[in-house]
Amino acid sequence: MQFKRLNNAIVTEKYSDESLRDQKTSATIVHLGIGAFHRAHQAVYTNNANFLAAQAAEDIWSIVAVSLRSATVREQLVPQDCFYNVVESDVSGSNRFLVSAIENVLVAPENPQAVLNAMCAETTQIVSLTVTEKGYCHDVVSGDLNLQNVDIQHDLANSSSPKTAIGFIVAALKYRHDNALPAFTVLSCDNLPSNGKTLAKIVLQFAEKIHPALAAWIEQQAKFPNTMIDRIVPATTADDIDKFSQRYGYHDLAMVKTERFSQWVIEDNFVGKRPAWQKVGVNIVKDVDAYENAKLRLLNGAHSSLAYVGYLTGLDFVHQVMENPELTRFLTHLMKVEIAPTIVAPEGLDLQKYCDDLLQRFSNPELHHRTYQIAMDGSQKVPQRLLHTVEYKLKNNQAIDALSFAIAGWLRYTMGVNESGVAIEVQDPRAEQLASIYKQHANNLEDLIDAYLSVHSIFPENLQSYPAFKESLSYWVGLILELGAKAALAKLLERLNNVAE
Ligand code: CS2
């Protein structure tokens, strides 16, 4: 890849550096899932590492990005030569910079073979993923590959033209195995607990179905580092693109907006090479668990909680939730009193300060982050974001009021109608199942909660052995249904007033 320029030459000083222009790519990352998050996170780190590498005559990495679904991002990026801007903001204001690390965008459903060719190229050392929780096609509670998933069934039957990330990874590794090419590093960048380990298990279960010898080779040769990724990246809207063009004087269809904060912690477990990410702020460590636990439980746990409760109280954006004193009181208690004590902090991290920083990050008014966006796919998120914490609290005989309230908020949301009787379009692979449970048991709260708790691909079976959980969940679901979320929240706060912080 040559460093390219956006048509109308918006080039930052950094990018006008002559030394960068003629650098040739020497290694490739194939990235599955070219959403806004990848463009604002991993691609930025790779971009920055390329600048340092160019100066030191080291490897320049390019990213071949893949959309597993639609052609939208390709149509935005390719006409601008795959350049795009990242707009970063915090309380002190915002700035933009240009990213040039992406070389091309492939659209998998149009040409799966082109994706496999890229994954099998000798220069490809890393296949990374941001495919969201449901893209792993697994049961989030057991961690097993979901063999009932129709796309997995398709990929097992048609291994040379896969649809899922899992199918692509196994097909590419099979080709590499059969052609005596080295395996690659598979780098999960999604918010799953032990994401690398989880992905390895799913990939191996799939490969086992193709051929046990292939599974054995993958287990020995491929690496699946765990990672913790953190940056809030709301979906770009038409309004963002308009504002950007008014402010900077040109139209960038592929721009992404994000906060200034960014963090990436990666387990040091690679096959072959990787970009010098450690030189541009990435923390490469022996063990990611402590970072991931703190982030998943505190950031993502609080995010989902504020999204459901905020949405139910009529708030569209996260910063609006943060402007509401009752909701911030709820969140502060949830994070500092209920969640933080369940976490063993990574060395050097002060959990109370981490909570304060998160509350501040959520308050960023520039982001316009929709509660509806975070509310998506709750059945795939709530287990690791909230239920693991609940399990810990119950085991240790600790109060779970705010946690139960958040989960009750989620269940109320999945009922599919808001408090004014208007339909909520619940986007979740289990939306239908959850809605039909409600329909069937709407007149009997106890049966309703029992029916929810018996969905073991969401609620781990052992939660049923704690009567305190069922009791608390019934209480808050009942109260939200009876009084509405706002009045139920007021009751929760009354109760929390008696708990010391
Ligand atoms: C959010 C995350 O949409 C969601 O579910 O909670 O995408 C969150 O913004 C990121 O994990 C922040 O790092």
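None of E103, E133 is of a type outside the set (A, V, I, L, M, F, W, C) and closer than 18 Å to A71 by Cα except E103.
Based on what the data block shows, is S70 over 28 Å from F459 (Cβ atoms), modelled with pLDDT under 95 and in a loop (DSSP other than H, G, I, E, B)? No. For the range 223-242, the candidate set comprises residues that are assigned to a loop (DSSP other than H, G, I, E, B) and away from the ligand (no atom under 16 Å from the Cβ); within that set, the residue that is most open to solvent (accessible area, probe 1.4 Å) is F224. Hey, does the range 297-313 have a residue that's under 30 Å from P225 (Cα atoms), open to solvent by 50 Å² or more (accessible area, probe 1.4 Å), within 13 Å of the ligand (Cβ to nearest atom) and assigned to a helix (DSSP H, G or I)? For the range 297-313, residues under 30 Å from P225 (Cα atoms), open to solvent by 50 Å² or more (accessible area, probe 1.4 Å), within 13 Å of the ligand (Cβ to nearest atom) and assigned to a helix (DSSP H, G or I): absent. Checking each residue in the range 185-203 for being open to solvent by 10 Å² or more (accessible area, probe 1.4 Å), more than 14 Å from M228 (Cα to Cα) and not small (G, A, S) picks out only K201. Every test in (1) open to solvent by less than 10 Å² (accessible area, probe 1.4 Å); (2) part of a helix (DSSP H, G or I) is passed by N48 save one, and that test is (1).
Residues in the range 314-333 that are part of a helix (DSSP H, G or I) and open to solvent by less than 40 Å² (accessible area, probe 1.4 Å): V318, H319, V321, M322, L327, T328, F330, L331, T332, H333.
Residues of the range 243-272 that are assigned to a loop (DSSP other than H, G, I, E, B) and either surrounded by 21 or more Cβ atoms within 10 Å (Cβ to Cβ) or at pLDDT 95 or above (or both): D252, L253, A254, M255, R260, F261, S262, D268, N269, F270, V271.
Out of curiosity, is V127 in the same structural domain as P275 (by TED's automatic domain parsing) and touching a Leu at 6+ places or on another chain (Cβ under 9 Å)? For V127, the condition - in the same structural domain as P275 (by TED's automatic domain parsing) and touching a Leu at 6+ places or on another chain (Cβ under 9 Å) - is met.
Of the residues making up the range 105-122, those that are open to solvent by 60 Å² or more (accessible area, probe 1.4 Å), in contact (Cβ under 8 Å) with a residue 12 or more places away in the chain and not in a helix (DSSP H, G or I) number 3. Any residue that is within 16 Å of the ligand (Cβ to nearest atom), in a helix (DSSP H, G or I), among the charged types (D, E, K, R) and open to solvent by less than 60 Å² (accessible area, probe 1.4 Å) - is there at least one of those in the range 378-393? The answer is yes; a qualifying residue exists.
The values are calculated or read from the model by the stated rules, or taken from the named source; none is laboratory data. This one's a predicted model, so the numbers in the text were calculated from it and none came from an experiment. Cβ coordinates were reconstructed from backbone atoms using ideal geometry, including for glycine residues, and neighbour counts include every protein chain displayed. Accessible surface areas use protein heavy atoms only, side chains included; no ligands, DNA or RNA. Shrake-Rupley method; radii C 1.70, N 1.55, O 1.52, S 1.80 Å.
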